[in-house]
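Here is the structure we will look at, set down as structure tokens.
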Amino acid sequence: MGGHNHGDSHAGHSHAPGSFGMAFAVGIGLNVAFVAIEAVYGVLSNSLALLADAGHNLSDVFGLAIAWAAVLVAKKRPTPRFTYGLQGSTILAALANGVFLMLAAGAIAWQAILRFSDPEPVAGNTVMIVAAIGIAINTGTALMFLRGRKGDINIQGAFLHMAADAAVSAGVVIAGLAIRYTGWNWLDPVTSLLIVAVIVWSTWGLLREAVAMSLGAVPSRIDAEAVERYLAAIEGVDAVHDLHIWAMSTTETALTAHLVVPAEGDRDTFLHRVAGEMHDHFGIGHTTLQIERDAEACALEPLNGGGCRAPGHRHPPEKLPDREGIS
């Protein structure tokens with residue numbers, strides 16, 4: 001007997017268009033303008049640190065754009081061909097963004113290393129003034145996302161990007177101040193390498209998770225073994241197998257599983273209750289369950305003839321005692 005339930009819960013849904021659309025628009029506009037200013041003055045002041053920071057800020061403009069696009073794409077209706085809608089495009093966008101960031105970091109690092117052999121004079125005052133503007137813009141942008149960072153990982157990502165940018169700009173100010181009073185021009189490429197380190201450190205997790213999500217991995221925030229244990233401990237469930245958890249997008253998670261429930265009961269109520277618990281305890285908003293009466297009979301069915309077995313399926317090592325039915 002099969003059972004299917006998506007429930008009324010949609011964990012991870014982003015409601016940012018209604019409450020954060022203006023924040024995204026203002027944040028992107030301010031940061032695009034600042035990137036242009038920073039790049040121009042980076043060339044005029046001969047500061048690789050400013051140019052590196054401009055590249056970093058540009059990458060975070062893309063990050064904001066991707067976060068905003070993810071919110072908007074989540075509203076698109078499914079079609080007969082794209083039955084999940086286009087939510088998976090946010091994973092591809094995150095993957096492309098991560099690859100771009102790594103390439104940009106490599107280019108900045110290469111230029112910084114070359115400059116070590118022949119340090120050039122840097123206009124410290126200009127570096128400090130421009131970077132200070134960056135602190136103000138990035139801090140202001142981060143504050144616009146402050147109240148939504150705990151309820152939506154998309155908004156949280158935007159907040160963290162902008163907060164990190166403010167910290168990097170502060171580092172550039174410190175480098176400009178040090179160059180002004182010491183005349184040590186080699187501090188400019190050193191600061192550039194530190195910025196590269198920040199970019200790589202903040203991007204590596206994004207890139208790794210994007211690759212994993214694109215391959216259908218369980219999102220890192222979810223413990224698959226804990227989910228299986230939870231399902232197996234539900235009253236009336238004798239076995240759990242063919243459990244699959246994957247990301248539909250950067251904010252949406254889906255689950256499918258086969259549950260062996262020998263006892264009779266109200267299956268609809270059971271399915272709705274389990275779907276609700278998956279949402280409340282694990283943040284999984286799309287749960288599909290297949291209910292079976294006999295685990296051994298199911299295992300004997302042919303793989304390609306409608307049976308429940310699949311490569312990589314798991315049977316729990318033991319049955320939980322004292323199962324008397326479905327509550």
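Observations
- Filter result for L114 (assigned to a helix (DSSP H, G or I) and in contact (Cβ under 8 Å) with a residue 40 or more places away in the chain): no
- Close pairs (9 angstrom Cβ cut-off, 6 or more residues apart or separate chains): under 30 Å from L48 (Cα atoms) in the range 82-109, surrounded by 14 or more Cβ atoms within 10 Å (Cβ to Cβ) and among the acidic types (D, E) anywhere: A94/E209; G98/E209
- Applying the criterion of being in contact with a helix residue (DSSP H, G or I) (Cβ under 7 Å, 6 or more places away or on another chain) and either surrounded by fewer than 14 Cβ atoms within 10 Å (Cβ to Cβ) or not β-branched (V, I, T) (or both) to the residues of the range 27-40, the residue that is modelled with the lowest pLDDT is E38.
- Tally of residues being closer than 27 Å to A112 by Cα and surrounded by fewer than 18 Cβ atoms within 10 Å (Cβ to Cβ) across the range 63-81: 0
- For the range 242-251, filtering for residues that are surrounded by fewer than 22 Cβ atoms within 10 Å (Cβ to Cβ) and not in a loop (DSSP other than H, G, I, E, B) leaves 4.
- Flag for V237 being at pLDDT 85 or above, in the same structural domain as H258 (by TED's automatic domain parsing) and farther than 28 Å from V71 by Cα: yes
- One residue stands out in the range 107-128 among those that are surrounded by fewer than 15 Cβ atoms within 10 Å (Cβ to Cβ) and either over 19 Å from V172 (Cα atoms) or among the aliphatic types (A, V, I, L, M) (or both): the one that is modelled with the lowest pLDDT, namely D118.
- Among the residues making up the range 258-287, those that are surrounded by fewer than 20 Cβ atoms within 10 Å (Cβ to Cβ) and either in contact with a Leu (Cβ under 7 Å, 6 or more places away or on another chain) or basic (K, R) (or both) are R267, R273.
- For the residues T251, T287, the requirement of being under 21 Å from the mean Cα position of the chain (by Cα), modelled with pLDDT under 90, of a type in the set (S, T, N, Q) and under 30 Å from K76 (Cβ atoms) singles out T251.
- Flag for L143 being modelled with pLDDT of 80 or more, within 30 Å of E252 (Cβ to Cβ), touching a helix residue (DSSP H, G or I) at 6+ places or on another chain (Cβ under 9 Å) and in the same structural domain as A33 (by TED's automatic domain parsing): yes
The values are calculated or read from the model by the stated rules, or taken from the named source; none is laboratory data. Note that the structure is a prediction, hence the values are computed from the model and not measured. Note that we place each Cβ from the backbone using ideal geometry, even for glycine, and neighbour counts take in every protein chain shown.
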